[in-house]
Amino acid sequence: MLAELKGLNEECGIFGVWGHEKAAQLTYYGLHSLQHRGQEGTGIVVSDGHALQGLKGEGLVTEVFKQDKLDELKGHAAIGHVRYATAGGGGYENVQPLLFNSQEGGLALAHNGNLVNANALKHQLERQGSIFQTSSDTEVLAHLIKRSGYISFKERVKNALSMLKGAYAFLVMTETELMIALDPNGLRPLSIGMIGDAYCVASETCAFDVVGAEFIRDVQPGELITLSDEGIQSEPFTFSTQKAICTMEYIYFSRPDSNIHGINIHTARKNLGKRLAMEAQIEADVVTGVPDSSISAAIGFAEASGIPYELGLIKNRYVGRTFIQPSQSLREQGVKMKLSPVRGVVEGKRVIMVDDSIVRGTTSRRIVSMLKDAGAKEVHVCISSPPIKNPCYYGIDTSTHEELIASAHSVEQIRDIIGADSLTFLSVEGTLAGIGRKEEGETCGQCMACFTGKYPTEIYPDTLLPHEKELVR
Ligand code: SF4
């Protein structure tokens with residue numbers, strides 16, 4: 001499904017390099033491959049060992065960085081960020097990496113995720129005299145590091161991290177070291193790779209292929225990795241960890257050529273499609289997927305059901321970002337601009353339309369009606385995830401309970417609203433089995449909160465909208 005139409009958006013992507021003379025250029029290519037994780041702003045900060053220097057701006061990676069500007073970013077280390085604005089909203093000041101200067105030197109921060117206790121910490125820090133430059137929750141970490149009483153920088157970072165709750169993959173860079181930290185649940189993906197003797201770190205492994213890096217390993221929940229002239233060091237900043245990787249990364253957000261904790265995204269989606277076919281048991285003439293993220297699941301569905309996969313919907317790749325409008329009416333119009341049915345494929349046919357999720361339902365309704373207008377005899381909607389009934393507080397811009405159609409409607413009611421002949425969601429068990437992680441426990445080390453309402457962390461009251469405080473268990 002198309003993220004910007006659906007109302008389900010990833011917040012950010014991060015990339016970093018240590019020990020390579022072309023650190024800024026590699027970061028540029030890394031960020032470019034992570035562009036699907038955020039299109040509203042991007043930045044790179046480099047270190048030459050003596051000073052930090054940064055460049056950032058609103059827009060796409062290719063719009064913000066031109067060759068001459070990139071050439072000015074000289075250094076052996078770099079961190080970069082692509083942003084989708086949710087927590088704290090948009091604006092230049094919220095584009096990351098955030099760069100701070102003090103008597104002790106520079107500090108640059110890049111963050112993927114969302115802190116659930118950011119407001120509580122901000123209030124506390126402001127009472128102690130902090131003044132925030134941005135409205136982003138990321139800045140909290142800088143203030144906590146600065147205010148920590150420990151002498152060693154690493155101890156200050158560990159102490160600051162111990163106060164954060166929620167989802168965070170952090171890159172913290174000074175002139176002399178680059179630190180990588182992942183929250184105790186490991187909610188967001190983060191991996192380490194090598195290019196020759198240099199290290200790199202990325203939100204998704206697809207970035208390693210682009211820069212020619214070899215994947216080394218995934219960063220573990222509660223791990224702090226330090227890269228410096230002394231090499232790589234790893235230590236836990238907490239022993240209280242419980243893996244809860246975001247399931248929507250597998251279902252929808254990450255690129256099909258990425259792997260998260262050893263599982264390829266395309267393969268996982270294909271398996272979800274196979275499970276869905278087994279659960280749905282629908283008779284039809286063709287299977288089609290909503291481009292791009294549902295194609296893998298549709299292929300799996302077709303394979304398991306024996307019903308041929310066809311290209312029943314195509315995406316117009318040349319619709320610019322300017323067409324993406326926030327209002328509902330324009331969003332609906334945007335569906336027509338972005339997707340077209342292939343009449344020759346669907347006319348007179350019983351069509352299975354595979355999609356990865358339903359958020360508000362408006363886009364699904366549009367696509368069903370588009371397929372019927374193009375002559376489809378029946379449209380059976382099959383969703384390769386369970387109904388999204390609960391908002392995400394960990395950096396995914398899902399709607400509030402009220403905007404989530406599955407929060408207040410039964411499957412039959414949703415089917416009726418979207419005008420489909422049948423509607424099937426994959427079960428929670430089918431989702432876990434399809435992704436295929438082998439971890440012990442009820443959720444196999446995955447966060448399933450948007451489906452089940454069982455959040456892996458405490459949800460702080462200031463994270464919730466007033467009407468949601470009643471609803472979250
Ligand atoms: S609530 Fe859903 S979208 Fe958010 S981290 Fe958990 S699985 Fe991912």
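Only residues that are surrounded by 24 or more Cβ atoms within 10 Å (Cβ to Cβ) and within 20 Å of G348 (Cα to Cα) were counted across the range 299-316, and they come to 2. On inspection, V290 qualifies as under 23 Å from E403 (Cα atoms), crowded, with 19+ Cβ neighbours inside 10 Å and at pLDDT 90 or above. Test S407 against the stated conditions and say whether it is modelled with pLDDT under 95, within 16 Å of the ligand (Cβ to nearest atom) and either outside any loop (DSSP other than H, G, I, E, B) or more than 22 Å from E249 (Cα to Cα) (or both). Yes.
Take the range 373-395 and flag every residue that is more than 28 Å from E11 (Cα to Cα) and part of a loop (DSSP other than H, G, I, E, B).
Our first condition is that a residue be more than 28 Å from E11 (Cα to Cα); within the range 373-395, this holds for 373-380.
Across the range 373-395, the qualifying residues are A374, G375, A376, K377.
Of the residues H36, H76, H81, which is modelled with pLDDT of 95 or more, surrounded by fewer than 21 Cβ atoms within 10 Å (Cβ to Cβ) and under 20 Å from A207 (Cα atoms)?
Just a single option satisfies the conditions, and that option is H76.
Please enumerate the residues belonging to the range 101-151 that are crowded, with 22+ Cβ neighbours inside 10 Å, of a type in the set (D, E, K, R) and assigned to a helix (DSSP H, G or I). Listed by number, the list holds a single entry, E139.
In the range 52-79, of all residues being aliphatic (A, V, I, L, M) and part of a helix (DSSP H, G or I), the one that is farthest from E93 (Cα to Cα) corresponds to L70. Yes or no: the range 281-295 includes at least one residue that is touching a Ser or Thr at 6+ places or on another chain (Cβ under 6 Å), over 21 Å from G445 (Cα atoms), more than 16 Å from the ligand (Cβ to nearest atom) and in contact (Cβ under 8 Å) with a residue 60 or more places away in the chain. The answer is no; no qualifying residue exists. Selection of the range 433-443 for residues being within 12 Å of the ligand (Cβ to nearest atom) and touching a strand residue (DSSP E or B) at 6+ places or on another chain (Cβ under 9 Å) yields only I435. Residues that are β-branched (V, I, T) and touching a strand residue (DSSP E or B) at 6+ places or on another chain (Cβ under 9 Å) within the range 126-173 comprise T134, T138, V140, I145, V157, V172, listed in sequence order.
For first residues located in the range 429-455 and farther than 19 Å from S357 by Cα, partners that are outside any loop (DSSP other than H, G, I, E, B) and more than 9 Å from the ligand (Cβ to nearest atom) and lie 6+ apart or on another chain with Cβ distances below 6 Å form the pairs C444/L432. All conditions but one from (1) out of contact with any helix residue (DSSP H, G or I) (no Cβ under 7 Å at 6 or more places or on another chain); (2) modelled with pLDDT of 95 or more apply to L109; the one that does not is (1). Checking every residue in the range 172-179 against the condition of being closer than 20 Å to K22 by Cβ and hydroxyl-bearing (S, T, Y) gives at least one match.
Within the range 152-183, how many residues are in a loop (DSSP other than H, G, I, E, B), away from the ligand (no atom under 14 Å from the Cβ) and under 23 Å from V116 (Cα atoms)?
From the range 152-183, those in a loop (DSSP other than H, G, I, E, B) are 152, 162-165, 167-168, 174-176, 183; that's our starting set.
Remaining after also requiring away from the ligand (no atom under 14 Å from the Cβ): 152, 162-164, 174-176.
Pick out the ones that are also under 23 Å from V116 (Cα atoms) and you get 162-164.
Within the range 152-183, residues that are in a loop (DSSP other than H, G, I, E, B), away from the ligand (no atom under 14 Å from the Cβ) and under 23 Å from V116 (Cα atoms) number 3.
Residue-by-condition table, conditions (1) buried (at least 17 other Cβ atoms within 10 Å of the Cβ); (2) modelled with pLDDT of 95 or more; (3) touching a helix residue (DSSP H, G or I) at 6+ places or on another chain (Cβ under 9 Å):
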residue	(1), (2), (3)
S384	yes, yes, yes
A420	yes, yes, yes
E439	no, no, no
T443	yes, no, yes
E458	no, no, no
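None of D48, D71 is acidic (D, E) and modelled with pLDDT of 95 or more except D48. Considering the range 14-30, the residues that are free of Cβ contacts under 8 Å to residues at least 60 places away in the same chain and over 20 Å from T176 (Cβ atoms) include one that is farthest from the chain's Cα centre (by Cα), namely Q25. In the range 1-33, the qualifying residues are those that are surrounded by 20 or more Cβ atoms within 10 Å (Cβ to Cβ) and part of a strand (DSSP E or B), and the one that is modelled with the lowest pLDDT is C12.
The values are calculated or read from the model by the stated rules, or taken from the named source; none is laboratory data. On a predicted model such as this, the values are computed, not experimentally measured, just so you know. Glycine gets a Cβ as well: all are built from the backbone with ideal geometry, and neighbour counts include every protein chain shown.
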